[in-house]
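Single-structure report; data block below.
The values are calculated or read from the model by the stated rules, or taken from the named source; none is laboratory data. Owing to the predicted nature of the structure, the values given are computational and were not obtained by experimental measurement. Ideal geometry is used to build each Cβ from the backbone, glycine not excepted, and the neighbour counts take in all protein chains shown.
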Amino acid sequence: MSLRLRGASGRWAPRIAAATLAAIVFVAVAAPLVAPYDPVASGDLVADRLQPPSARHPLGTDLSARDVASRLAYGTRISIETAALAAVVVLVVGVAWGGAAGLATPAVDAVMMRVVDAALAMPRLVIVLALVAFIGRISPLTLALVLGLTGWPSMSRIVRARVRELAASDHVAAARALGVPPPRLLVRHVLPGAAPAIVVHVVVTVAAVIPLEAALSYFGVGIAPPTPSWGSLLQDAAARPIDGWWLMVFPSLAIAATLLSVNVIGEYLQRRDGAGRTGRAA
Amino acid sequence: MTPLLAVENLRVAYLDRAGARTAVGGVSFAIEPGEIVALVGESGSGKSSVGLAIMGLLPDHARVAPGGAVRFEGRDLLATPEPQLRDIRGRRIGMVFQEPAAALNPVMRVGDQVAEVAIVHGERSTAAARARAVEMLNRVGLPDAERRYRAWPHELSGGMRQRVMLAIALLLRPALVIADEPTSALDVTVQAQVLRLLLELQRESGTAVLLITHDLGVVAETCSRALVMRGGQVVESAAVDDLFHAPQHAYTRELLAAMPRLERGP
């Protein structure tokens, strides 16, 4: 999934994306303040059911007479939290595993990388579905852990490659020559050089986890109702796609805006990193 | 007097697809405390491998053959486990690399890289380590050391970077400094400055130096004794004066003849 914006938009696209993402994260953090109503409490089931957007309900109401704006705000919170936590798990496990393999002896490195190959060989969706089926109804926290624990192998592969490359560099040899022990070597001399690649992959992870959560929840195997998430909101919307268009449109816009922003930022970071590296070599 | 460093029958081979390629084929020499010894040879003669083998920093695909020894301050470094070697590296043996631009961490301030040696070797107070680093940067003649402490490596010139490397190598007053082509990446004028500085620091601290180089001009200016290496063997070992005036080995004569000179022949 890659989106290219070139030319004049190249300078502004990352700023707009960052502002959009900041707004979405703000809504997620400040959901209780932003949401006008309780996201799971029904209103008057007769008068307030499936109402189009109005002054009282800016994004309308759903089939259970709940305020869509409030559910979207809380859904944003759940989806963003899930993606962020999954990304943190990917970051911690992936960097630790990849970093250790990168500095390990060739034999240990080979074993550790075969584990990664095996993990990557299994289709992620199938693993997630199997785990979810095994666990049953799952909380956002569990889903985040499942998504994180199935996502770290690709991160570890990237980190390991970068660590290998950097470990062979002169300044790491120089650090070893002055007696720097391996843990400090990794943290102070190797990982800072790998940071740009790691940051880019965290962004890619977020961009992969958000639609995955939405899809799982949409199909009813992710975050369970009545807890709102972007996916479960879409599941609610699926029942009334025409006469309840607002149920579908607003969560979809939130997902699209988030993914677009994340990808633009990811692309920007990658481009800047590339420019920085050739610049330093010159 | 027991020598500071005694290398005995050191043999190093690199493994590749074709098998093992010998880089160092049974090298023996000794260095007395405070002595400056040159290890001379063309590229591929195995001289850098000797330096790395002493430090225990040979790459993964290198093998040191059994039967040899590297005795330093009463122990065989080849038989010393890695944690103790780490304690010796940087504290008892310093190392200066050829390319200061590549040997400094590009994303760490130069002062912190000097202070790190002290921290790694037991200095608990960051402030004390910084103070020592600033003092050392002053001693290696980095102008405005206080402010340059916060500089990034790319902000310094090649000569200044090599001064920083010398500061790192000599901060803890090691008994031995291994300098692998320390001036080869520098401009000729800067080369002379850095060499002079190395000699000054050597005299002040009484450190022994193993100077690995292909440059006989550098050897003549700095060293008391020279070992000439070729094809993994030491072919000649002599005091520098003798080496230049009465080279014993044909290869040494060839090397000397290859030095550029200003005067023309008749």
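The table below gives the values:
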item	result
Residue check, B:Ile36 at pLDDT 90 or above, closer than 19 Å to B:Leu201 by Cβ and touching a helix residue (DSSP H, G or I) at 6+ places or on another chain (Cβ under 8 Å)	yes
Among (1) surrounded by fewer than 22 Cβ atoms within 10 Å (Cβ to Cβ); (2) within 30 Å of A:Pro58 (Cβ to Cβ); (3) touching a residue at least 12 places away in the same chain (Cβ under 8 Å), the one test that A:Ile242 misses	(3)
Criterion violated by A:Leu63 - all others in (1) closer than 27 Å to A:Glu165 by Cβ; (2) at pLDDT below 95 satisfied	(1)
Filtered residue count, region A:65-94, keeping only those that are buried (at least 24 other Cβ atoms within 10 Å of the Cβ) and either within 11 Å of A:Gly151 (Cα to Cα) or free of Cβ contacts under 8 Å to residues at least 12 places away in the same chain (or both)	4
Near pairs, Cβ below 9 angstrom, 6+ apart or cross-chain, from region B:154-181 (more than 12 Å from B:Ile93 (Cβ to Cβ) and within 11 Å of another protein chain (Cβ to nearest Cβ)) to any residue that is among the charged types (D, E, K, R) and crowded, with 24+ Cβ neighbours inside 10 Å	B:Ile168/B:Glu116; B:Asp180/B:Lys47
Entirely in region B:23-112, the strands (runs of 3 or more DSSP E) that have 2 or more residues that are crowded, with 22+ Cβ neighbours inside 10 Å and within 9 Å of chain A (Cβ to nearest Cβ)	B:93-96
Top-ranked residue of region B:149-180 - restricted to ones that are outside any loop (DSSP other than H, G, I, E, B), out of contact with any strand residue (DSSP E or B) (no Cβ under 7 Å at 6 or more places or on another chain) and small (Gly, Ala, Ser), ranked as surrounded by the most Cβ atoms within 10 Å (Cβ to Cβ)	B:Ala167
Filter result for A:Arg49 (more than 26 Å from the chain's Cα centre (by Cα) and within 23 Å of A:Pro251 (Cα to Cα))	yes
Total residues in region A:123-147, condition surrounded by 12 or more Cβ atoms within 10 Å (Cβ to Cβ) and not in a helix (DSSP H, G or I)	2
Region A:165-175, subset under 13 Å from A:Ala194 (Cβ atoms) and in a helix (DSSP H, G or I), residue farthest from the other protein chains (Cβ to nearest Cβ)	A:Glu165
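Let's see how each residue does on (1) in contact with a Leu (Cβ under 9 Å, 6 or more places away or on another chain); (2) modelled with pLDDT under 90; (3) within 20 Å of B:Leu58 (Cα to Cα); (4) not charged (D, E, K, R):
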site	(1), (2), (3), (4)
A:Ala110	no, no, no, yes
A:Leu131	yes, yes, no, yes
A:Ala167	yes, yes, yes, yes
A:Val204	no, no, no, yes
